[in-house]
1. Using the count of nearby Cβ atoms within 10 Å as a rough guide to exposure, how do 54, 116, 24 rank from fewest to most?
2. Please identify, among 57, 99, 111, the residue showing maximal mean-square fluctuation in a Gaussian network model of the chain using a 10 angstrom Cα cutoff.
3. Ignoring everything except DSSP H segments at least 4 long, calculate the 222 nm mean residue ellipticity for the chain; use -39,500 (n - 2.57) per segment, divide by total residues, nearest 500.
4. Hey, what's the Cα Rg ratio for segment 14-65 versus the globular rule of thumb, 2.2 N^0.38 Å?
5. Can you tell me how much longer the chain between residue 107 and residue 32 gets when fully stretched, taken as 0.36 nm per residue apart minus their C-alpha distance, in nm with one decimal?
6. Does the chain classify as rounded, prolate or oblate by the C-alpha gyration tensor (a ≥ b ≥ c root eigenvalues; a/c under 1.5 gives rounded; else a/b over b/c gives prolate, otherwise oblate)?
7. Sort out for me the Cα centre separation of segment 98-115 from segment 1-61, rounded to whole Å.
8. How much of the DSSP bridge set in the chain is antiparallel, in percent, rounded to the nearest 5?
């Protein structure tokens with residue numbers, strides 16, 4: 001099992017903790033982490049941008065999106081928006097995405113800053129090294 005850190009905007013982390021946001025999406029123009037790296041059962045720490053880890057969960061289900069087209073993005077938005085709770089500007093920013101991953105967040109619970117996460121300079125996902 002792998003361990004990851006998802007860096008979220010504070011408002012989105014709040015939605016995860018409330019149970020309203022149950023699905024995390026990472027959509028990109030080119031393949032990058034976490035695409036191809038997250039498996040069911042992996043541990044995911046959640047932290048707000050600029051803050052410390054506040055919660056932990058596991059990947060309850062994972063759906064890889066290796067070759068996205070515009071129609072695929074529209075279907076994802078229509079089918080999963082309620083679980084994603086993505087703001088409108090997210091869909092504008094990701095409209096040219098060609099790959100990605102959907103991760104269902106399971107067993108979400110608050111925790112203290114149990115892992116140190118080095119500054120990421122814009123990357124919103126970190127895969128922690130195996131200890």
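What follows draws every value from the coordinates through simple rules; no lab data is involved. Remember, it's a predicted structure, so these values are computed and weren't measured experimentally. So basically every Cβ, Gly included, is an ideal-geometry build from the backbone, and we count neighbours across all protein chains shown.
1. Values: 54 19, 116 9, 24 25.
Result, fewest neighbours first: 116, 54, 24.
2. Looking only at 57, 99, 111, the largest GNM fluctuation is found for 111.
3. Numbers: 3 runs with 30 residues, N = 131.
Calculated at 222 nm, the ellipticity per residue is -6500 deg cm²/dmol.
4. Details: Rg = 11.9 Å, N = 52, 2.2 N^0.38 = 9.9 Å.
Taking the Cα Rg and dividing by 2.2 N^0.38 Å, one obtains 1.21.
5. Details: separation 75, 0.36 × 75 = 27.00 nm, distance 2.55 nm.
Computed gain between residue 107 and residue 32 is 24.5 nm.
6. Numbers: a/c = 1.60, a/b = 1.41, b/c = 1.13.
Cα axes put the chain in the prolate bin.
7. What the calculation gives is 3 Å, centre to centre.
8. On the way: 23 of 29 bridges.
Among the beta bridges of the chain, antiparallel pairing accounts for roughly 80 percent.
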